[in-house]
Amino acid sequence: MNSPSLSPQSANFWLGESRTGPLMRWRQGGCHCGAVRFKVLTPDSIEAVECNCSICRMTGFLHLIVPKERFRLHAGENNLTTYSFNTGTAKHLFCSVCGVKSFYVPRSHPEGFSVNVHCLDDGAVRVAKVVPFDGQHWEEARARMDEASRRGL
């Protein structure tokens, strides 16, 4: 499968970098039943990532990957259930009440979090662009993203 062309913003999605400027605000989100609630520091307009790996495709997860310093879990830690597969690096966290995965610890950045944009409160952010990621060929796609980021493409 051919990889999509990468803009400088696309290559930097791993870091959750601002797409429209320096203004960053705390946005709220959570699971369906409300037992799990969190905040994430992000700009008004974001570039989200859509992965086609088996779990992201099946759950409809739309990624906003941020460093751990930009994420705060405010409620529901005791309601989280962890699921891991394959390498075991990613920690998929689901609400044990409603089953929604509103965020998790991604394989790509185990020191950060990937927030499901669909689980942010209505109107919290504007998705300016959705960038595809070929998670079915994870290692090759990650290498292409890292190379594009290094070259500033």
message: Contact list please: Cβ distance under 7 Å, first residue in the stretch 123-150 and basic (Lys, Arg), second residue modelled with pLDDT under 80 and outside any helix (DSSP H, G or I), pairs at least six apart or on different chains.
response: Arg144/Ser3
message: What's the number of the only condition in (1) buried (at least 18 other Cβ atoms within 10 Å of the Cβ); (2) within 30 Å of Glu147 (Cβ to Cβ); (3) at pLDDT 90 or above; (4) in contact with a Lys or Arg (Cβ under 8 Å, 6 or more places away or on another chain) that Thr59 fails to meet?
response: (1)
message: Given the criteria under 17 Å from Gln28 (Cα atoms) and in a loop (DSSP other than H, G, I, E, B), does Gly123 qualify?
response: yes
field: Unmet criterion (only one of (1) closer than 18 Å to Arg70 by Cα; (2) surrounded by 14 or more Cβ atoms within 10 Å (Cβ to Cβ)) for Asp121
entry: (2)
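Of the residues that sit in the stretch 69-81 and are among the polar types (S, T, N, Q) and either modelled with pLDDT under 95 or surrounded by 12 or more Cβ atoms within 10 Å (Cβ to Cβ) (or both), which one is farthest from the chain's Cα centre (by Cα)?
Asn79
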message: Every residue in the stretch 20-71 that is in contact with a strand residue (DSSP E or B) (Cβ under 6 Å, 6 or more places away or on another chain), charged (D, E, K, R) and closer than 12 Å to Phe133 by Cα, please.
response: Glu50
message: Taking the criterion of being at pLDDT below 95, surrounded by fewer than 13 Cβ atoms within 10 Å (Cβ to Cβ) and not β-branched (Val, Ile, Thr), would at least one residue in the stretch 90-103 satisfy it?
response: no
statement: Within the stretch 71-105, residues within 19 Å of Leu120 (Cα to Cα) and among the hydrophobic types (A, V, I, L, M, F, W, C) come out as Phe71, Leu73, Ala75, Leu80, Leu93, Phe94, Cys95, Val97, Cys98, Val100, Phe103, Val105
statement: Taking the stretch 75-92 and the residues there that are in contact (Cβ under 8 Å) with a residue 40 or more places away in the chain and assigned to a strand (DSSP E or B), the one that is nearest to Ser54 (Cα to Cα) would be Leu80
message: Please go through the stretch 105-118 and give me each residue that is free of Cβ contacts under 8 Å to residues at least 24 places away in the same chain and surrounded by 15 or more Cβ atoms within 10 Å (Cβ to Cβ), ordered by number.
response: Val105
task: Go through the stretch 93-110 and give me each residue that's part of a loop (DSSP other than H, G, I, E, B), within 14 Å of the chain's Cα centre (by Cα) and more than 20 Å from Ala141 (Cα to Cα).
output: Lys101, Ser102
statement: Per the list (1) more than 13 Å from Gly30 (Cα to Cα); (2) outside any strand (DSSP E or B), residue check on Glu50 breaks on (2)
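The values are calculated or read from the model by the stated rules, or taken from the named source; none is laboratory data. Being a predicted model, the structure only gives us computed values, none of them experimental. Methodologically, a virtual Cβ is constructed for each residue, glycine included, from the backbone with ideal geometry; neighbour enumeration extends over all protein chains shown.
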